[in-house]
Amino acid sequence: MKKGLWPVLGAVAALGLTAALGALSQVPWEPSGAGRAVVRFAWRARSVRVEACRALTPQEQENLPAHMRRAEVCEGTVLPYRLQARVDGELRLDQLVESAGARGDHPLFVFEELQVTQGPHRLEVTFEREGDAPSGDTEAGATPAQLALTQQIELAVNEVALITYDATQRELVVRGHGRPVRR
């Protein structure tokens with residue numbers, strides 16, 4: 001091709017792309033969540049820490065430097081919770097909420113969203129500890145072993161109903177723009 005032809009081809013391509021972009025900008029578009037409402041689950045919870053200790057064998061102690069030798073080693077974990085949510089009787093959320101951190105010793109964090117249609121809905125939420133805590137262990141500030149919420153709410157388009165844990169009442173509550181339905 002000749003050198004003078006490249007700038008002309010570049011200009012034609014630029015005009016074609018500009019025209020295509022202008023035409024596409026006129027296409028109607030609606031976000032995928034349009035006409036929907038959201039039920040949001042967000043809270044922080046403390047679970048019970050469980051430790052399992054065992055005695056080190058003489059061989060294991062020999063493999064450790066002198067300053068790190070001890071009679072037993074303990075490994076601990078924070079018990080997870082199972083979060084389940086039903087909207088109008090349909091199970092929409094079922095997940096295990098586990099502690100973060102390298103040793104699994106951080107608080108549990110819940111943050112999930114469910115899209116629902118506008119209008120009235122019946123919410124049934126359970127948050128139950130998995131596994132057994134040591135007997136008599138009621139760790140101060142720990143979230144109760146079982147929390148449940150059953151609530152009728154009504155949501156308009158783009159409204160959010162926030163389900164959260166109220167630590168002073170020690171229960172799940174509905175907050176936000178979602179209006180509880182009074183019947």
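Annotations
- GNM remark for the chain: springs join alpha carbons under 10 Å apart, and the peak mean-square fluctuation among 40, 86, 54 falls on 54.
- Of 25, 99, the residue with the largest accessible area leads and the full order is 25, 99 (1.4 Å probe).
- Rolling a 1.4 Å probe across the protein heavy atoms gives the chain an accessible surface of 66 Å² per residue.
- Which labelled figure in (1) 27.9, 89; (2) 20.7, 63; (3) 15.7, 51 is Rg and Dmax of the Cα atoms in Å, once derived from the coordinates: (1)
- Heavy-atom SASA rank of 67, 106, 121 (probe 1.4 Å, accessible area, largest first): 67, 106, 121
- In degrees, nearest ten, helix 5-24 long axis to first principal axis of the chain (Cα): 70 degrees
- For the chain, the longest piece that avoids every one of the GluC sites (Glu not before Pro) found in DSSP loops with at most 14 other C-beta atoms within 10 Å covers 1-129.
- Residue of 20, 42, 71 that the Gaussian network model of the chain assigns the largest fluctuation, springs spanning Cα pairs under 10 Å: 20
- With every protein chain in place, the chain: carbon and sulfur % of accessible area (1.4 Å): 53 percent
- Helix-derived mean residue ellipticity, 222 nm - over the chain, DSSP H n ≥ 4, -39500 (n - 2.57), to 500: -4500 deg cm²/dmol
- Each of residue 130 and residue 157 was given a label point 7 Å from its Cα along the Cα-to-Cβ line. The distance between the two points is 4.0 nm.
The values are calculated or read from the model by the stated rules, or taken from the named source; none is laboratory data. The structure displayed is predicted, hence computed values, not measured ones. Don't worry about glycine lacking a Cβ; one is built from the backbone with ideal geometry, like all the others, and counts go over all protein chains shown. We work out accessible area using only protein heavy atoms, side chains counted, and drop any ligands, DNA or RNA first. Shrake-Rupley method; radii C 1.70, N 1.55, O 1.52, S 1.80 Å.
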